[in-house]
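Nothing in this text is a laboratory measurement; each read-out follows from the coordinates by a stated rule. Keep in mind it's a predicted model, so treat the numbers as computed, not measured. We place every Cβ from the backbone using ideal geometry, glycine too, and count neighbours over all the protein chains shown.
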Amino acid sequence: KNQVEQSPQSLIILEGKNCTLQCNYTVSPFSNLRWYKQDTGRGPVSLTIMTFSENTKSNGRYTATLDADTKQSSLHITASQLSDSASYICVVSAGQAGTALIFGKGTTLSVSS
Amino acid sequence: DAMVIQNPRYQVTQFGKPVTLSCSQTLNHNVMYWYQQKSSQAPKLLFHYYDKDFNNEADTPDNFQSRRPNTSFCFLDIRSPGLGDAAMYLCATSSWDGNSPLHFGNGTRLTVT
């Protein structure tokens, strides 16, 4: 069964600190892995998309890594800001376009001052 | 700015009273999706359009219908809303490229009384 598991479920960090969110998946076939940021009451916003051949991808203070052998990904946030408080969703694509996306349940990040 | 716009942001309807949610896009994407997201859960795909071709997910209740009169607009009709249909409804678009991100609207929060 195709599954995407994220950990931790929630996380609280102080402003300015770094953090890493984890994503493990069992999805076949594998097309790509995506990270989305979803602010409360808003739609998800794409942070990165990585294909099988990509190990690392950055978007500003967000850096995603992918280990296709172990089927693990991480999202590292550097120098966190209050605006980073959101849910971070790992999504794995098992096919073409967005019709075969397997969503994780997300990690809720709270950044406090 | 090119974007996905959903209206209304908040919708209250009575049990059993039909309701229509709308979505428009200026991205000229040929794929449009409707997702249902309940509190603290991952978005669940209801159906998608590839151009005018409608694709229903197997477990989407018959109570949910959709229309796409042209490239820019897509509607979600809930024929007889039940209390369990209260959720955030997200519209998204993408190109038919397996490595393109989904662009989400900010959703419509549906309350059923």
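Enumerate by residue number the trypsin sites (Lys or Arg not before Pro) in the stretch B:17-113 meeting two conditions: DSSP loop (anything except H, G, I, E, B), and at most 16 other Cβ atoms within 10 Å of the site's Cβ.
B:Lys38, B:Lys52, B:Arg79
Cβ screening of chain A for cysteine pairs under 4.7 Å finds these without a partner: A:Cys19. Under a cut-off of 15 Å between alpha-carbon atoms, report the aspartates and glutamates in cross-link reach of A:Lys105, not counting same-chain residues fewer than 8 places apart. List returned: A:Glu5, A:Asp39. For B:Asn63 paired with B:Thr20, estimate the spin-label separation in nm (one decimal), with each label point 7 Å from Cα along the Cα-to-Cβ line. For B:Asn63 paired with B:Thr20, the spin-label model returns 2.0 nm.
Stokes-Einstein diffusion of chain A at 37 °C, 0.692 mPa s viscosity, Kirkwood radius from Cα pairs, rounded to a whole number: 235 µm²/s.
Quick check on the exposure proxy: order B:Asp51, A:Asp84 from fewest to most C-beta atoms within 10 angstrom. Could you put the intermediate results ahead of the total?
Numbers: B:Asp51 11, A:Asp84 20.
The order, fewest Cβ neighbours first, is B:Asp51, A:Asp84.
Would you mind giving the three semi-axes, in whole Å and largest first, of the ellipsoid equivalent to the stretch A:1-52 according to its Cα gyration tensor?
Working through the eigenvalues yields semi-axes of 23, 14, 12 Å.
Here the calculated FRET efficiency for A:Thr78 and A:Thr51, from their Cβ-Cβ distance with R0 = 25 Å, stands at 0.60, rounded to the nearest 0.05.
Of the residues B:Asp77, A:Asp69, the one with the fewest other Cβ atoms within 10 Å heads the list, and the complete ranking is A:Asp69, B:Asp77. Annotation: Cα Rg of the protein assembly as shown relative to the compact-globule expectation 2.2 N^0.38 Å equals 1.02.
If you take the Cα centroid of the stretch A:1-27 and the Cα centroid of the stretch B:80-96, the two points sit 25 Å apart. Taken about its Cα centre, the stretch A:1-88 carries a charge dipole of roughly 140 debye when the Cβ of each Lys and Arg holds +1 and the Cβ of each Asp and Glu holds -1.
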